Each structure stands twice: as C-alpha cells, then as structure tokens.
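Colleague: Dumping the structure here so I can ask a few things about it.
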Ligand SMILES: *[C@@H]1O[C@H](CO)[C@@H](O)[C@H](O)[C@H]1NC(C)=O
Ligand SMILES: *[C@@H]1O[C@H](CO)[C@@H](O)[C@H](O)[C@H]1NC(C)=O
Ligand SMILES: *[C@@H]1O[C@H](CO)[C@@H](O)[C@H](O)[C@H]1NC(C)=O
C-alpha cells in the first residue's frame, strides 16, 4: 500500500511538471450522490411501531445462512444517527442522497389501513434535514425489506401484492411527494427475485425458474401501476419523476465465436431484458428470447403451461414506457459462453438461460466474490442501453467496491477514477447519463455477507455504541468530485 501510494505521488508530481492532462469534467447539472438502503443501515428493527420485515425474520430464524451470523437489528444505527448521516453528506458536498424507505416502518402489517406515525416522522425529518442543506432526496420505495405479513401471503409471488404496493406508494406520495421529486419504485428486481425467490436471500424460497418468475411478473405489474398512479394523480401538482433501478453487470462474449456472441446476448436479455424490455423497449413485454426458451423448456419438462407468466395486452401497455429515466446499478463484468444445452427436470433460471458465466482470473478482485474490477464493461453497458432502448436518460443509482477494512483505501479511489472515466467515455459516445451515485455512504449490512464486506466512503465502527463513522481517503476524493464535478487529479 505504502509504496503504491508514493508511486501515485510521483505520478502526480510528474503530471504537474509535464503539464496536467485535460481535465475530465461532467456537465453543470450532473448530480453526484451516494446511496444506502433502509435495512442495511437503519437498525431499530422493532422500535416505535415498526413491523417485522422478511430480512428481520430471515436473519433471526436462519443466522447460519448469514456469513457472520449477524443481522440488521442495529446495523449502522442510522435510525438514531439521522443528523450525523446528513452531516457526512454535507461534508461530502453531494447534490443528492439516495436512501430507501422501509415499508414495514411505514405500514407495520404491510396494509395502508394502519399507518405508523413514527415512520412518517422519521423519513419526514430526514427529507427536511436534507432539503435544509440543499441535498435532493432521491427515494427508493422498495429495497428488499418486505413486510413479513405480506410474505405470509406469498409475498411477490401473489398477484394481490401489486395492489398492496400501490396502496403503499400512495401513502408515500401523499406524505412525502411535496418534498421528494425523484422516486425509484424498486431496487434491483433481478436480485431480489432471482436471489430471494429463486435462491437463499430472504425470503429464501430457493425456487429458481419458478417463483423467481412469479416475483418478476408482479414486480413489473406493481411498477406499472405505480407509475400510472403518479402520472394520473400526482405529477401535475408534485412535478416529480418516477423510475426504477435495474442491476446490469456487463456480459461480454467469452470468445469471438458466433455461439458465444449469441449466448452473451441471450444472457443480457435474461438478466437485464427481463425487466428492461417490458419497460424500456418500444415493443414492451418480455424479451422474445425469454418467452421462446422458457415456453419450450417448460413444455419439455411436462409443465402444462409456461413457467414464465403472460401479461394481458392491457398490462403490456401499462408497463411499456412506465419510467421517466433508467436507474442503473453497475459494479462488474462477466464472460459468457455457450452452455451444453442440457435440460434437467428441475426448473432453473440458469437452464432456461443456457449459458456458462465466468470472470477472468486476472481481473482485480474486491472483497466480494462476485465483484471484479472491469471499468471498460461500464462503458459497454451504457452503450448497450443507448442502442437497445433508444438512449433513455440514465441515472447511475449504484457503483462501488468492497475492500477489507482500511481508511487508506487507495484501491477504492482507483476503482472510482477508472469507472468514472469509463462513464465519461460513454457520455462522449452519446449516452445520456444524468447522475452518478456511489454505493455506499457508509459501511453497512451486506445481506448474506453480513458485516464482512465494506463498501463505505466512511468506515463504521460496529464495536462502538454510536457506530462511529470515520472518513476514508475515498470520502475526500469523492467530496472533491462532487464539489467540482471534475475528476480530481490528486488522490488525497
Ligand atoms: C427489540 O429487539 C431487541 C433485540 O434486538 C430486544 O432485546 C428487545 O427486547 C426488543 N424490543 C421490543 C420492544 O420487542
Ligand atoms: C436450494 O436449492 C438447491 C437446488 O435445488 C439445492 O441443492 C439446495 O440444497 C437448496 N438449499 C436449501 C438451503 O434449501
Ligand atoms: C472479505 O473480508 C472479510 C474480512 O477480512 C473476510 O472474512 C472474507 O473472507 C472476505 N471475503 C472475500 C470474498 O474476499
């Protein structure tokens, strides 16, 4: 670390002597910010009327499924550290803060007959505190913490949940819409449907290729309804925008062979098109390749109907175009090769997709098994979105890296510098990128990885009662970026 750092200093000095390279600056209204999510930071899981979420239930019942057997019961204690968190945001000089609202903190049983006044108070105070410091609140309605009472009805696999989500959204628009102008309905439906209903994230249904598709279907319906509700009843007087945050790792063909090229495109349609195509394509509905493959494989597995549900024509129309911009979470890249074409009796998303996914060993690692540093993939992902979906406005809602605990996080600064340069290159290619959000403001509960993986610009000391926050080198870098909107040329 030490020697790398001195190298940097030498490089910076050399650049000063040789004449600095042209400064990389983003447009004047470009928004820099940082993100968090309720369950990952708030704690206070059972106070002041909050209901139980599926992550509360899951971490309590299955500590063995969490890397360090931890839970988000206290997490970074942001419920009690609201002013401290806003102080950090002010220190960073960000233009926006992306946080999520806990559905069971607002509606303890999930339904809008019983509104928890303390939940309304907490988010109202956060929003007011942000606005008092001229930081735009950009708010995610659902970042994975479903009320447990709704999971008891089947959660996202039960079609009725689209109505309940709409009721919840109405409560949010009614209470916060006067002050919140940027809404994201869902964070990463691929992740919570594929890993939650299709795998072992909460609720841990582990039903790949089946419940995962039911989840995706109802999430898309709920999203469409919510967008139309806002359009019809709120937009006129609240003047905000509504979108969705999709996760898209770039998927590069493993070789130049035609089979691998085709496999990579199939994988993009399954992992990204699943949610992007119904909302952002001009045709709407599921990607044709998903429809064809899942229908065919379901038939060969002797299912009387496809495991991928079907939208009515009204639903296709409702969902198509139901987003004012695309929220994009991007971290890494995978290589995709053609699969062996084998079909097993057991439903599986991977069998349906039919590809082999790897990462190159020489790509630099992070502290997360799934995340390697591949900045050029970001540029390709952005160009793919531009080309496939008619260049929608893109708001980068997450990008970041986990590293082992250290406040001299030179590699995090390097990650940001390289990914921001790739994003800048994509903008020079004509991609319409409007904002960038680093994940995350502070270290937090990283789902099944517990507290073992740290993404924060600020370190959180989990052994201190107040969960003391300390800025890392990357916080200093990010504050220069956010204040000047130019890539800083010195790193500390
Ligand atoms: C809340 O949960 C904590 C454990 O995290 C427990 O000690 C406490 O008794 C609970 N409080 C209530 C009001 O249930
Ligand atoms: C999850 O499903 C896989 C594939 O069907 C199975 O091998 C595994 O044992 C399941 N895990 C749990 C914890 O149920
Ligand atoms: C991340 O760091 C933690 C703490 O040092 C360690 O226990 C864990 O194995 C690491 N995980 C990965 C994927 O490197």
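Colleague: I need the full set of residues from segment 23-48 which are within 10 Å of ligand 1 (Cβ to nearest atom) and either surrounded by fewer than 21 Cβ atoms within 10 Å (Cβ to Cβ) or within 27 Å of residue 331 (Cα to Cα) (or both), in order please. Even if it seems obvious, please write down each step before you answer.
Modeller: Initially, segment 23-48 is screened for residues within 10 Å of ligand 1 (Cβ to nearest atom), giving 43-48.
Listed by number, the residues that qualify are 43, 44, 46, 47, 48.
Colleague: Exactly one condition in (1) touching a helix residue (DSSP H, G or I) at 6+ places or on another chain (Cβ under 8 Å); (2) in a loop (DSSP other than H, G, I, E, B); (3) on the phi < 0 side of the Ramachandran plot is false for residue 363; which is it?
Modeller: Here residue 363 meets the rest and fails (1).
Colleague: Shifting gears a bit: Take residues that are in contact with a helix residue (DSSP H, G or I) (Cβ under 7 Å, 6 or more places away or on another chain), modelled with pLDDT of 95 or more and under 27 Å from residue 377 (Cα atoms) and tell me which of the helices (runs of 4 or more DSSP H) falling wholly in segment 263-344 contain 1 or more.
Modeller: Those helices (runs of 4 or more DSSP H) span 274-280, 288-300.
Colleague: Out of the residues in segment 27-40 meeting the condition of being out of contact with any strand residue (DSSP E or B) (no Cβ under 7 Å at 6 or more places or on another chain) and assigned to a loop (DSSP other than H, G, I, E, B), tell me which one is nearest to residue 147 (Cα to Cα).
Modeller: My answer is 29.
Colleague: When you go through 436, 389, 384 one by one, which is the residue that is within 17 Å of the chain's Cα centre (by Cα), more than 14 Å from ligand 3 (Cβ to nearest atom) and within 20 Å of residue 272 (Cα to Cα)?
Modeller: One residue alone meets the criteria, 436.
Colleague: Taking only segment 228-237 into account, find how many residues are in contact with a helix residue (DSSP H, G or I) (Cβ under 7 Å, 6 or more places away or on another chain) and over 22 Å from residue 189 (Cα atoms).
Modeller: 1
Colleague: Check segment 73-81 and report whether any residue there is at pLDDT 95 or above, more than 16 Å from ligand 3 (Cβ to nearest atom) and not in a loop (DSSP other than H, G, I, E, B). Even if it seems obvious, please write down each step before you answer.
Modeller: The first filter runs over segment 73-81 and keeps only residues at pLDDT 95 or above, leaving 73-81.
Cutting the leftovers down to more than 16 Å from ligand 3 (Cβ to nearest atom) gives us 73-81.
When the remaining residues are screened for being not in a loop (DSSP other than H, G, I, E, B), the result is none.
No, there is no match, as no residue in segment 73-81 is at pLDDT 95 or above, more than 16 Å from ligand 3 (Cβ to nearest atom) and not in a loop (DSSP other than H, G, I, E, B).
Colleague: Same structure again: If the requirement is being more than 16 Å from ligand 2 (Cβ to nearest atom) and buried (at least 21 other Cβ atoms within 10 Å of the Cβ), which of these qualifies: 466, 490, 440? So that I can check it myself, show each step before the final result.
Modeller: Values: 466 fails: buried (at least 21 other Cβ atoms within 10 Å of the Cβ); 490 fails: buried (at least 21 other Cβ atoms within 10 Å of the Cβ).
On inspection, the qualifying residue turns out to be 440.
Colleague: Now for a separate question. Out of 414, 456, 435, I need the residue that is crowded, with 19+ Cβ neighbours inside 10 Å, on the phi < 0 side of the Ramachandran plot, assigned to a loop (DSSP other than H, G, I, E, B) and more than 16 Å from ligand 1 (Cβ to nearest atom). Which one?
Modeller: Answer to the selection: 456.
Colleague: While we're here: Is at least one residue of segment 57-69 in a loop (DSSP other than H, G, I, E, B), in contact with a helix residue (DSSP H, G or I) (Cβ under 6 Å, 6 or more places away or on another chain) and within 16 Å of ligand 1 (Cβ to nearest atom)?
Modeller: Restricting attention to segment 57-69, the residues satisfying the condition of being in a loop (DSSP other than H, G, I, E, B) are 62, 66-69.
Those still in the list that are in contact with a helix residue (DSSP H, G or I) (Cβ under 6 Å, 6 or more places away or on another chain) too: 66-67, 69.
If we keep only those that are within 16 Å of ligand 1 (Cβ to nearest atom) as well, we get 66, 69.
For segment 57-69, residues in a loop (DSSP other than H, G, I, E, B), in contact with a helix residue (DSSP H, G or I) (Cβ under 6 Å, 6 or more places away or on another chain) and within 16 Å of ligand 1 (Cβ to nearest atom): present.
Colleague: Given the residues 225, 213, 197, which is the only one that is out of contact with any helix residue (DSSP H, G or I) (no Cβ under 6 Å at 6 or more places or on another chain) and either modelled with pLDDT of 95 or more or within 20 Å of residue 147 (Cβ to Cβ) (or both)?
Modeller: After ruling out the rest, the residue left standing is 213.
Every residue, every condition in (1) surrounded by fewer than 20 Cβ atoms within 10 Å (Cβ to Cβ); (2) touching a strand residue (DSSP E or B) at 6+ places or on another chain (Cβ under 8 Å); (3) within 19 Å of residue 41 (Cβ to Cβ), yes or no:
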residue: 159; (1), (2), (3): yes, no, no
residue: 175; (1), (2), (3): yes, no, no
residue: 179; (1), (2), (3): yes, yes, no
residue: 187; (1), (2), (3): no, yes, yes
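Colleague: Hey, could you check segment 197-208 for residues that are closer than 15 Å to residue 152 by Cβ and free of Cβ contacts under 8 Å to residues at least 60 places away in the same chain and say which is farthest from ligand 2 (Cβ to nearest atom)?
Modeller: 197
Colleague: Condition first: within 16 Å of ligand 2 (Cβ to nearest atom) and in contact (Cβ under 8 Å) with a residue 40 or more places away in the chain. Now tell me which residues in segment 62-95 satisfy that.
Modeller: 62, 65, 66, 67, 69
Colleague: Something else now. If only one of 121, 134 is closer than 20 Å to residue 435 by Cβ, surrounded by fewer than 22 Cβ atoms within 10 Å (Cβ to Cβ) and at pLDDT 95 or above, which one is it? Before you say what the answer is, go through the steps one by one.
Modeller: Values: 121 fails: closer than 20 Å to residue 435 by Cβ.
It is 134.
The values are calculated or read from the model by the stated rules, or taken from the named source; none is laboratory data. Keep in mind that this is a model prediction, so the values were computed, not measured. Here the Cβ is made from the backbone with ideal geometry for all residues, glycine too, and neighbour counts use every protein chain on show.
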